[in-house]
Amino acid sequence: MTDEPEMLDEVKDHIEATLQYVTKPDENRLKGIEEFIKNKYGVSDVVLELKENKSLKGGFILRVENEEYDWSNRGRLRQLRTLLENREYDVSVENKPGDIVSILRAQIEDFKLQAENQEIGFVLRVGDGVAMIEGIDHAFYGEIVIFENGIKGMVMSIERKRTGIMLFGDEDDIREGMKVARTMSEAGIEVGDDLPGRVINALGDPIDGKGRIEKNGFRPVEHPAPSIVERHPVNTPMETGILAIDSMFPIGRGQRELIIGDRQTGKTSIAIDTIINQKGKGVICIYVAIGQKASTVAKVAQILENKGAMEHTIIVSATASEPASMQYIAPYSGTAIAEYFLDQGKDVLIVYDDLSKHAVAYREISLLLGRSPGREAYPGDVFYLHSRLLERSSRLKESLGGGSITALPIIETLEGDVSAYIPTNVISITDGQIFLEEDLFFEGIRPAVNVGLSVSRVGGAAQCKAMKKATGALRINLAQFREMEVFTQFSSDLDPATKELLDNGRALMEILKQNVGNPLSMPEQVITLVAANEKLFMGIELDRVKEFQTDLLNEIKENYENIISELNIKKELPDGFRDVIIKTVRDYKEKWLAQKMSKTE
């Protein structure tokens, strides 16, 4: 209780202020300024310090405690520059240079010189992308502040006598004692319908050399997730085009499915294939590259361009060479863009590649801000870091537009350790995970999906009826094969049933192999699975199973269009229609084997 008087606002009978000017005001002007301060701050006496400042170009600046009133010409120019940067005027291609000058002149003439009331602070220290500020006592978390030289930052830490700022520009231009002003606005990104097909940085600026992007809205990077009553059940497929995933670990629109595995096991390839497979399906795709090499991001953009998928894709890039602040904010910026399209009732797929590097960037910022480190030196709120991000992915009710955001976060493990801190955090947040195993990858099984550790908590709810029926006991058959393979690797004398199980399992492993950039459509997957469950891939040499699968699908697309169209339209697999597929595959298999035999002879 002894500290209570110190916590109360001190009642002042006088106040100190500073007036900077180019030409010293006369006595009447000074009295007017003093009366303004007395009325504004409720004091009876004002101690006014006068300072000459030729850089103001005219007018004056009044500073009272942490607030500043800018009546200077320099302040006018700064506001006009902001006006031009924000494009708050209509300059179309039809405007002639004279018209543009007239527009600007009219806006300048209409510009009213008003007091620019700003709460200001001063830089105490700066380094490693973080600045500590004294004075902006009322700033809120996530607020944007502007330094005297125009560099922006975001409030990340609020303490009793100082505020921690994460910088979005070059810290070399910031010095101790430099002035910092609040903007009263939270961090956000400009959005618009012209974003698909472009590569932007974490702040929304284009970096692909294709010119300016027209924006027609603004979204905060931090936004509350939809409530439970606003969400619709996940029951519509988000097909990846990858047979191993769509058959056993289906992903639905609005789901959050984690892709996890060691370095160089094909995590990004799964995400790219999923983006490519959304071509022509009305899904907007966002690829957020966090801490990647610039060459890697350029390669991803080139692959998507070559496959015709870039036209429905937005790449948000925060490369390894950029500050931790840009890597930290990138996934939130990508989600803000996704929410812009969500509000239009559209379906969005967003890939975070990867959240391991995002957590490292946040750890770096937190340690520089002086926060207490916890497990593996991460701050205590690292779980909240990703939970508030991924919870924003959902499918909305039809009354709210029916749009969805499907998230594919990527986590990199070390030597397959899924029990590490960040992997366990993200696993607990998401609706399932696709675990990629290094041993399978080097065995040539790609995608290297571990059937035992991978799971989708949505399950068959995200599959169409045809896919659900065609999948059958595929996962059980594979599990039995892997178990039996281990037990029989040293045995030479096997009974016919075991031999058949092993032969069928090896054929299944072959058809699940899939090259990058070649996603399969739903009808192609259903046909393959029906044939696999009937063991129609047995009897073919293992190294030719993929060849037979490719030839079979090409044959059906060319000569049996009715099968493809029936599956596309009805998305069901009645027994009679399934029998038609089986007969078609069996007939073609005999024909194919006869052709291969004749060639070898």
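The values are calculated or read from the model by the stated rules, or taken from the named source; none is laboratory data. Keep in mind it's a predicted model, so treat the numbers as computed, not measured. Please note: Cβ atoms are built from the backbone with ideal geometry, for glycine as well, and neighbour counts cover all protein chains shown.
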> For region 367-392, which residues satisfy the criterion of being in contact with a Gly (Cβ under 9 Å, 6 or more places away or on another chain) and surrounded by 22 or more Cβ atoms within 10 Å (Cβ to Cβ)?
Replying inline: none
>> Given the criterion among the β-branched types (V, I, T), at pLDDT below 90 and surrounded by 18 or more Cβ atoms within 10 Å (Cβ to Cβ), identify the matching residue among I103, I144, I136, I108.
In response: I136
>> Anything in region 157-182 that is surrounded by fewer than 21 Cβ atoms within 10 Å (Cβ to Cβ), touching a Ser or Thr at 6+ places or on another chain (Cβ under 8 Å) and under 20 Å from L203 (Cβ atoms)? List them, or say none.
In response: F168
> Would it be correct to say that E483 is more than 30 Å from the chain's Cα centre (by Cα) and in the same structural domain as E257 (by TED's automatic domain parsing)?
Replying inline: no
> Take the residues of region 533-566 that are closer than 13 Å to P523 by Cβ and among the acidic types (D, E): which is nearest to the chain's Cα centre (by Cα)?
Replying inline: E566
> Which pairs do you get when a residue that is within 17 Å of Y69 (Cβ to Cβ), found in region 22-50, comes within reach of a residue that is among the aromatic types (F, W, Y), reach meaning Cβ atoms under 8 angstrom, with the pair 6+ apart or on two chains?
Replying inline: V22/F60; P25/F60; L50/Y21
>> Looking at region 389-416 only, could you name the residues that are part of a helix (DSSP H, G or I) and either over 22 Å from the mean Cα position of the chain (by Cα) or modelled with pLDDT under 95 (or both)?
In response: E398, S399, L400
>> Test of understanding: among L520, L553, which residue is touching a helix residue (DSSP H, G or I) at 6+ places or on another chain (Cβ under 7 Å), free of Cβ contacts under 8 Å to residues at least 40 places away in the same chain and in the same structural domain as W592 (by TED's automatic domain parsing)?
In response: L553
>> Restricting to region 299-312, give me the number of residues that are surrounded by 14 or more Cβ atoms within 10 Å (Cβ to Cβ) and within 21 Å of G204 (Cβ to Cβ).
In response: 5
>> Within region 502-509, does at least one residue satisfy the condition of being within 35 Å of the chain's Cα centre (by Cα) and either in the same structural domain as G374 (by TED's automatic domain parsing) or surrounded by fewer than 19 Cβ atoms within 10 Å (Cβ to Cβ) (or both)?
In response: no
> If you scan region 133-167, which residues turn out to be closer than 20 Å to D381 by Cα and touching a strand residue (DSSP E or B) at 6+ places or on another chain (Cβ under 7 Å)?
Replying inline: F140, Y141, G142, E143, M154, V155, M156, S157, T163, G164, I165, M166
>> Looking only at region 420-468, how many residues end up being among the charged types (D, E, K, R) and part of a helix (DSSP H, G or I)?
In response: 4
> So which of F122, F36 ends up being farther than 30 Å from D170 by Cα, of a type outside the set (D, E), surrounded by fewer than 17 Cβ atoms within 10 Å (Cβ to Cβ) and at pLDDT 80 or above?
Replying inline: F36
> Conditions: (1) in contact with a Pro (Cβ under 6 Å, 6 or more places away or on another chain); (2) over 23 Å from S325 (Cβ atoms); (3) charged (D, E, K, R). E239 meets all but one. Number of the miss?
Replying inline: (1)
